[in-house]
Every structure is written in structure tokens, then in C-alpha cells.
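In what follows, a structure is listed as C-alpha cells, so that the remarks can point back to it.
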Amino acid sequence: MLSKILKKFIFLLSIVLTSSSCVPMRSIVYNVPKIKTNHIFPQAIVQPDSVPYIFNEKIDTGFGKRFKIANLYNLFDQTEFETALENEKTRAFIILHHDTIIYEKYFKGFVQEDYLTSFSLMKSFISSLIGIAIEEGKIKSIHDPFCEYFPEIDCEKFGSVTIEHLLQHTSGVDFKGLPKLYYGKNIAKNVMPQGMNYPAGTEFKYENAGSQILGMLIQKVYQKPVYQVWEEKVWSKIGTEYPIHWALDDKKNQQAKTFCCVDAVARDFARLGRVWMNDGFYNGEEIIPKSWLDSIKVPTIKEGATINYKYHFWKAPTEYDCFLAAGMYGQIVFMCPEKNLMFVRLGEKNKMQMDDKFWIPVFLQLIDQMEVEGFFDNSKPKQ
């Protein structure tokens, strides 16, 4: 026992001695991020729409018990859907079908008005803003070298890395580690590229710093904080009901985090999902370019990309036209336009489950069972 404590002490001491002063105290105190960790950071408040979209509700009271989920570690062991949600530390779950909430459940004392964090789900926010910036001519092309927008970055060293490479996690850039990015107090400094790990476009390696660079790119081309751009272009125009809380690195620097870290209520995540699922439209107005959302649904298999990821959205491995925005510990907006179906799941870390990939098979099981019950037709949701 004593040796384990001593080893842990030596490990933590090594972090203190090798990290910048702002990182170790936060990282030691809070350790691995949790769904409430976002509250330790300064927050920017992003205002919602003045007229919230009101969902139709037709709650299927038997859904949680009628549908069964196979245990992903023992496929012969089936659990009632609602029990499985609770076992996997879900805090909010919404099923939206034909713009109607048919299932909504909150766990562990959480209620409809409670805020839950996005983690990397918000990378899809930044993707949407990149699409808008291209449509508005603020960014010429995703094929532009990203260094062209950052005078402080050496284009001789990083000129081969494009905006598309950052969107695809194929940049090859050597960035500093996540603790300095997540817990540090000067993101703009901590995110600067150090060198190249491999040639751009040759390998997929999921990382966070590229998403932070993309958010800072939005800030540069619009000459205002990225959260203000999000409010003006999206959040205040899609029927959202509550503000979102957007994490900043520090009270002094006030650099928005754009690889993670916004808090919102579950229904507002669903309202945003409606726009993504509905070709970028809300009330007949194109909020996010349809052409951009069309492009994310077409997999890229060139330049080192992975087939199930496109421009900060994931593609579900199913014959249905499903895609998702996803973050750590299973923060997910899962959308199937052809089925007029959306799942929103938010929650905490389970000892067996670290990310969204645990949940995709669960959603597919639900879809298969809903298909048997005759839930689906081919009509499109209202805009």
C-alpha cells in the first residue's frame, strides 16, 4: 500500500516539475475531466433565440421497458432499455421522431432544465461555423494552408497543412498535450504547433489542438470571439430556449475553448440536432449551408482519412443514413434523416465505457426494434 502511495506521489510531483505553473494544480485537483469539471473555468454566456421552438410530445410510456438492449459484453444477456441507460450512467436521454418527443428521461436527480456538458460534441459546432465562413467568403477554401490565417505560424514549416487536414485529423502536426490545452490558462500559446509528426494527409490521428486552431481561425476571420459568432449565426436563430455556457481558458485571456467545453440543456442539443438533420434549415431559413452538411455525409477515403469521420462529424456504420456529433463519455446527438429519428444522450463515464463508440450499437439495436414495430416512413421533418 505504501509503495503505491509513494509511486502516485512521485508521478504527481513529476507533473508539477515538468508542466507550466497553471496546469498542474488544476490537473492534480480535478484529474480526469468529468461532466461538472467545465464549471471551474470562466464562462461566456451565449444567448438563445427569443422565440423557442416548442416540441410536440407524445411520450411512449412503455418504451423504456418494452425495448431490450443486448449487453455489449455478453450479447446473450438482454436488459430493459431504461435500466441499461441507468446502468451506463446516463443523465439525459431524448428520442425525437417526426419532430415529436416520444421518450425523455433524466436520471440521478437531473431534470429537464439542468445543464450538461458537450465535451467533443462541440467540435461539430466549429465544423458548422467553418461551413458558414466558407459560404460567406470569410474563408476562401478548406484547401487553404491554415498558416495563411496565422502570421505567427511558419508557413515554410506548416504550409502543407490545410484547413481540411485539421477538420479530418490528418494534419500530422505535433501539438502540445491535452492537459495544457484543457487545464491551461493560455490556450493561444499552448496550442501553437511544435513541428510535424508525419506528412500531412497520410494518417488519421484524433486530437484536440487542431479543433482549437479552427475555432481561433473563426475568431480571426470574423474579428470577434467565436462564441459571439456562434450566437449570431446559429444559437439565437434555431429556436433554442436557454443560453449556453462556453468555457474560456482564463479571466484575463478569455480565449474560448473550441475542442470541447460548452454546457447546454438536453432539449437545446436536440434543437441544434434538428437543424443538422434538416439540411441546415430552420423555419425555412438556411442557417448552416446545406452544401456543407451534404459534404459531411460523404465519406472521404483519401489522404489518410478514416471512412467513418468527416469534418468533425462521425458516420454511423449502418445502412441507414445516420450521422452523429459525439464527445467523450457518450455525449451524443445521433441523427437519422431518412428515419426522421434523433437520439440525444448525455451522461457520465462508466468504468466500461469511455466514448461514443459504446453507444452506436445501442442506437442501432433500438432502430432495428423500432423498425419491427413499424415506426418509420420516408416523410421529411418540418423545417
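No value in this document is a laboratory result; all are computed from the given coordinates. In this text the structure is predicted, and so the values were computed from the model without any measurement. Here Cβ is always computed from backbone atoms with ideal geometry, including for glycine, and neighbour counts include all displayed protein chains.
Taking θ as phi - 60°, what are the ³J(HN,Hα) couplings along the stretch 195-201 by the Karplus curve (6.51, -1.76, 1.60), each to the nearest whole Hz, with x for Gly and Pro?
3J(HN,Hα) across the stretch 195-201, in whole Hz: x, 10, 7, 7, x, 4, x.
Between beta-carbons, use under 14 Å as the cut-off and find the net charge around residue 113, counting Lys and Arg +1, Asp and Glu -1.
-3
Calculate one ³J(HN,Hα) per residue across the stretch 78-90 by plugging θ = phi - 60° into the Karplus curve 6.51 cos²θ - 1.76 cosθ + 1.60, and present them in order as whole Hz with x for glycine and proline.
So the J values, rounded to whole Hz, are 9, 10, 4, 3, 5, 5, 4, 4, 5, 4, 8, 6, 5.
Just grab the label-to-label distance for residue 373 and residue 57, each label 7 Å out from Cα along the Cβ direction, in nm (one decimal).
1.9
Compute the distance from the alpha-carbon center of the stretch 164-225 to that of the stretch 100-132, in whole Å.
The distance from the Cα centre of the stretch 164-225 to that of the stretch 100-132 comes to 23 Å.
Residue by residue through the stretch 335-348, which ³J(HN,Hα) values in whole Hz follow from phi under the Karplus form 6.51 cos²θ - 1.76 cosθ + 1.60 (θ = phi - 60°), with glycine and proline marked x?
10, 10, x, 5, 9, 6, 10, 9, 10, 10, 10, 9, x, 10
Hey, got the dipole for the stretch 35-372? About the Cα centre, +1 on K and R Cβ, -1 on D and E Cβ, debye to the nearest 20?
That gives a dipole near 800 debye.
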